[in-house]
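Structure first, then comments.
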Amino acid sequence: MEIRDNMSSDPRHQMLIDTLGAELTPVRRLPAPWMRAFGWLLIVAAIAAALLMHYGTAPMLQRWAGAHDLAWAAAGAVLTAACAAWAAFALGVPGRSRAWAWLPLPGALLWIGASGLGCLRTWLAPGTSIATGHQSADCLVFIVSFSIPLSALMIWLLRRACPLRPILTAILVGLASAAASASLLEICHAYDAAATDLLTHALAVGIVIAANAAMGGRLLLRR
Amino acid sequence: MSLLTADTGWVLYDGIAPPLDRRAHVSAENASDDTSPERRRAAWMAAAQAGDRIAYERVLASSVVLIRNVARRRGVPVDALDDVVQETLLTVHRVRHTYDPARSYDAWLAAIAGRRAIDMLRSHGRRQRRETHDEFALDQLAGHDDASATSERAQEASRLHAAIAGLPPGQREAVEQMGLKERSLAEAASETGRNAGALKVNLHRALKVLRGRLHGDS
């Protein structure tokens, strides 16, 4: 009788509940957001492993040992990617706070701050040069190119969830993908921090986030 | 922001939902009367995810009031509340796998209901912008002023004719001749064979009576 007591007077609700009850099938629960983010990061790690096999770890470690700001910037990019992915998957679950969107902020500050500090150095990091305009454009193409499949994968995973704030979620998808791509770029990035290079990276990240907000938001809205 | 409703006693958090204690997890069968309604709903939904139809119908029925409360607080008009309930129930069915039994069912449901309420308000707003309200449509209709004025004049004429018909015969005759037919005093006297002075007096009296009947003047 409790059911009837709680029901509205509208008979449509009881009819709909009966119909939905008849259609009920067992479902597999969505894994926790951190687990889903971890799965996505494993794909990124697999790509990183392939790039490391191709380029080797020595040049990257030599750059980091010579200029710690480069290492901190890389750590910031990795942290941003991980936190943005976690936040995006958390926002894919109804009832989770909008505050999750702030999770990538510390990593992003580290990434931007370390990159900016690198520009103030008056000496070149070992094994690097200052990127020309053409070389900076290659960085932009690299970040955008790697971001496309990574964003597509995350959107595909999120469509199984229920992002009630699709545009905010898509922005986080873009940030996670761009940060992951910038992290991957670090493996083969033989250029020292410079204003033009930093601006190119920022432009690439902005393009990826904007494209996700415009397209990813609509794709996520379909649920 | 939190919300405590008196009729159900359930608590909604707009922010992070309060996690339920896993050790205090209640199975659908054990969801007895001494269990809080929120925990009962959480247990029913968990059972529904495993395919328990009875628990599912219980939790959906129990959700109707909660959905209506959320929609009402979002400003959904009363006549659209049931539409929000329907849309929310359909969404709940489609995304029931996203519910985590370790967390609050009510917060999960409220987030979905809130989104469906916003969707309803937006579509309602779009429809209102697309469709012109009847009052405005009437104002903007070409020839609306003419039609309205004609109708008003016709009504006034009808009232005037009725008032004239109610006049005594002498006064009515004076009005018909000099007012309606626009004859001069001499022409009216000639036409009716009455004294011009009598016609003039009757006309004045008739006009006084008509003013009183039509405008309430004494």
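Throughout, read-outs are computed from the coordinates displayed, never taken from laboratory work. Note that this is a predicted model, so its numbers are computed, not measured. Here Cβ is always computed from backbone atoms with ideal geometry, including for glycine, and neighbour counts include all displayed protein chains.
Please compute the Kirkwood hydrodynamic radius of the range A:148-223 from all pairs of different C-alpha atoms, in Å with one decimal. Walk me through the numbers on the way to the answer.
On the way: mean 1/r = 0.0773 Å⁻¹.
Averaging 1/r across every pair of different Cα atoms and inverting gives 12.9 Å.
Rg and Dmax of the range B:147-203, Cα atoms, in Å?
Just the Cα atoms of the range B:147-203 yield Rg and Dmax of 13.4, 43 Å.
Between the range B:177-218 and the range B:87-126, what is the C-alpha centre distance in whole Å?
Cα centres, the range B:177-218 to the range B:87-126: 78 Å.
Given labels modelled 7 Å from the Cα in the Cβ direction, how far is it in nm from residue B:194 to residue A:53?
12.0
For q = 0.15 Å⁻¹, what log10 I(q)/I(0) does the range A:32-221 give under the Debye formula with an equal point scatterer on each alpha carbon and no solvent?
Log10 I(q)/I(0), no solvent term: -0.82.
Using alpha carbons only, how many angstrom separate the centre of the range A:131-169 from the centre of the range A:171-223?
For the range A:131-169 versus the range A:171-223, the Cα centre distance is 6 Å.
Which whole number gives the average count of other chain Cβ atoms within 10 Å of the Cβ atoms across peptide B:90-99?
Across the residues of B:90-99, the mean count of other-chain Cβ atoms within 10 Å is 6.
Find, to one decimal place in angstroms, the Kirkwood hydrodynamic radius of the range A:182-223, where the mean of 1/r is taken over every pair of different Cα atoms and then inverted.
Numbers: mean 1/r = 0.0829 Å⁻¹.
Its Kirkwood hydrodynamic radius stands at 12.1 Å.
Calculate the FRET efficiency for residue B:90 and residue B:152 from the Cβ-Cβ distance with a Förster distance of 51 Å, rounded to the nearest 0.05. Display every interim value, and only then the final one.
Working: r = 52 Å, r/R0 = 1.02.
Once the sixth-power term is evaluated, E becomes 0.50.
Averaged over its residues, how many other protein chain Cβ atoms are within 10 Å of peptide A:80-87's Cβ atoms?
0
Pulled fully out, how much extra length does the chain show between residue A:27 and residue A:218, if you take 0.36 nm times their separation in residues and subtract their Cα-Cα distance?
Working it through step by step, the gained length comes to 66.2 nm.
Calculate the mean, over all residues of peptide B:51-58, of how many other protein chain Cβ atoms lie within 10 angstrom of the residue's Cβ.
On the way: counts 4, 3, 7, 3, 2, 5, 8, 5.
Neighbouring Cβ atoms belonging to other protein chains average 5 per residue here.
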